[in-house]
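For reference, the structure discussed in these notes is given below.
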Amino acid sequence: MQAVSSSTSDFSKGSVAGNILRLALPMTVAQLINVLYSVVDRMYIGRLPDAAGNALTGLGLTFPILSMVTAFANLFGMGGSPLFSMERGRGNTDKAKEILGNTFALLVGTGVVLTVVLLLIKKPLLYAFGASDTTYPYADGYLTIYLCGSIFVMISLGLNPFINAQGFGRKGMMTVLIGAVTNIVLDPLFIFVFDMGVQGAALATIISQFFSALWAFSFLRGKKAILRLEWPYVKLRLKLVWQIVSLGFSSFVMAITNSIVQVACNSTLQAFGGDLYVGVMTILNSVREVVSTPINGMTSAGQPVIGFNYGAQEYKRVRTGIQFITVVCVVYTTLVWLLLFLFPRFFIGLFSGEEALREAAVPAMHIYFFGFFMMSLQMAGQSAAVALGRSKQAVFFSLFRKVIIVTPLTLLLPHLFGLGVNGVFLAEPISNFIGGGACYITMLLTIWREMVRKEREKLSAGS
């Protein structure tokens with residue numbers, strides 16, 4: 001019961017909002033810093049002399065493949081950490097350690113396999129994703145080096161949720177802070193001083209991820225961790241693997257479906273607008289990554305708090321956590337939507353100085369981010385489902401929004417009413433309204449009602 005008694009990790013005590021914010025603030029900073037790995041690359045690459053537009057477009061073509069690596073890290077990290085939190089809440093220390101050990105084994109093994117497979121099929125993949133003979137060399141140059149260090153990405157992203165789940169939000173922030181600072185320092189050195197271009201950006205990234213992975217691994221093996229990564233628990237158990245994969249499948253689907261959407265967008269934009277509009281989508285994706293970070297931080301922070309309280313049978317606190325996350329995320333995304341609408345050139349200018357690219361990106365941004373606040377309802381609803389172990393519900397709404405709504409609309413709308421490239425950008429807000437509304441309403445009708453019922457049953461049993 002050591003884990004439960006710790007004042008930094010017993011989420012059934014104190015203010016629910018306070019517990020979430022205590023994790024959310026460092027986790028949001030950590031995730032924002034993590035986004036800087038790729039965003040800083042794009043900022044520098046977007047200012048390469050002579051070939052900035054093509055280089056930025058080439059980098060954008062690698063996003064679906066990079067998302068695949070992230071998807072597998074999420075599959076195990078975001079699948080294992082909620083289970084880990086629930087077992088800690090129940091006081092099952094050995095079971096929690098087994099979950100951590102099995103997750104680590106899955107991260108390492110899958111990282112090696114992914115590296116080999118993706119290196120073998122990268123060329124046909126990039127051309128299928130919208131590369132041209134002009135942009136392929138830039139995409140290939142970045143991707144080849146990045147894949148050689150993808151195992152470091154897997155370890156750092158997959159282990160960090162277990163640091164946060166023990167209440168060490170600041171330590172979790174350090175995982176990405178160490179790497180991000182290294183990346184920011186190395187990027188201009190490799191890209192411009194050593195004249196390595198996109199290859200320099202990739203090399204800076206994987207070196208940085210190595211230091212992030214080393215920090216996360218060292219902390220979880222060290223004495224400061226409440227529950228440590230111990231070798232006897234690393235041996236895979238099929239039942240645990242299935243539980244981890246089942247629960248993490250929603251996060252996996254979210255990342256994989258992001259890849260599917262990016263492929264659909266890039267290939268359709270290449271057909272209707274050429275390399276210029278593939279570059280526009282690279283900028284929009286970059287802006288979205290940055291502005292979505294606080295939502296990801298808030299929902300990620302809420303999961304261990306909600307999961308712990310569910311395991312401890314504190315059902316009222318579960319509802320309070322869901323309510324708090326929802327309000328904060330909706331308010332934030334509404335303000336962001338307003339800023340993006342009023343000052344699009346500022347955000348676009350962070351990634352490109354080419355006038356043609358900036359002019360094309362302004363109307364695209366207005367369409368793409370319309371009703372941005374509805375996306376936060378999807379995130380809040382899915383995070384509640386993951387925190388409580390409802391993997392099927394979370395997976396369904398990941399698939400519903402990205403595969404059933406966004407991808408078909410991306411392919412169809414450009415052919416209707418003369419929309420062209422605008423049809424690709426319009427698919428996103430439509431999916432936010434339909435998918436976000438459906439996900440959150442379902443959460444209210446299932447999870448919320450169940451928590452009310454269990455709360456009443458608990459009160460009746462105690463009276």
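The values are calculated or read from the model by the stated rules, or taken from the named source; none is laboratory data. Just so it is clear, the structure is predicted and the values come from calculations on it, not from any experiment. Glycine gets a Cβ as well: all are built from the backbone with ideal geometry, and neighbour counts include every protein chain shown. Accessible surface is based on the protein model in full, side chains and every heavy atom, while ligands, DNA and RNA are left aside. Shrake-Rupley method; radii C 1.70, N 1.55, O 1.52, S 1.80 Å.
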At a probe radius of 1.4 Å, what is the per-residue accessible area of Asp133, in Å² to the nearest 10?
120 Å²
Return the sequence-ordered ³J(HN,Hα) values of the range 282-298 in whole Hz as given by the Karplus equation 6.51 cos²θ - 1.76 cosθ + 1.60 applied to θ = phi - 60°, using x for Gly and Pro.
4, 5, 4, 4, 5, 4, 5, 4, 5, 6, 7, 4, x, 5, 4, x, 5
Spin-label point model (7 Å from Cα, Cβ direction): what's the Leu419 to Tyr136 distance in nm?
3.1 nm
For the range 199-356, what relative contact order do you get, as a whole percent, if you take Cα pairs closer than 8 Å and at least 6 residues apart?
13 percent
Could you tell me whether the range 16-140 comes out rounded, prolate or oblate from its Cα gyration tensor? Rule is a ≥ b ≥ c as square roots of the eigenvalues, rounded for a/c under 1.5, then prolate if a/b exceeds b/c, otherwise oblate.
oblate
Accessible area in square angstrom per residue, the range 82-140, 1.4 angstrom probe
39 Å²
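Counting other C-beta atoms within 10 Å, and keeping those with at most 14, which DSSP coil chymotrypsin sites (Phe, Trp or Tyr not before Pro) do you find in the range 140-217?
Sites meeting the loop and neighbour criteria: Phe194.
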Expressed as an acute angle from 0 to 90° and rounded to the nearest 10, what is the orientation of the C-alpha long axis of helix 63-90 relative to the principal long axis of the chain?
10 degrees
To the nearest 10 degrees, how steeply does helix 373-387 sit against the main Cα axis of the chain, on a 0 to 90 scale?
40 degrees
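Keeping all protein chains in place and using 1.4 angstrom, which order do Thr70, Thr268 fall into by accessible surface area, from largest down?
Greatest to least solvent exposure: Thr70, Thr268.
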Per residue accessible area of the range 347-463, 1.4 Å probe, in Å²:
42 Å²
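First compute the accessible area of the chain with a 1.4 Å probe, then give the percent of it belonging to carbon and sulfur atoms.
68 percent
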Helix 238-273 sits at what angle to the longest principal axis of the chain, using alpha carbons and giving 0 to 90 degrees rounded to 10?
20 degrees
The chain: relative contact order from alpha carbon pairs under 8 Å, six or more residues apart, as a whole percent, is 23 percent
The range 330-385 and the range 274-291 have their Cα centres apart by a whole-number Å value of 11 Å
Counting other Cβ atoms within 10 Å of each Cβ, which chymotrypsin sites (Phe, Trp or Tyr not before Pro) in the range 412-459 have at most 12 and sit in a DSSP loop?
Phe417
With every protein chain left in place and a probe of 1.4 Å, what is the accessible surface of Lys122, to the nearest 10 Å²?
40 Å²
Phi-derived 3J(HN,Hα) across the range 152-166 with the Karplus relation (6.51, -1.76, 1.60, θ = phi - 60°), rounded Hz, x for Gly and Pro, is 5, 4, 4, 5, 5, 6, x, 8, 4, x, 6, 6, 5, 5, 8
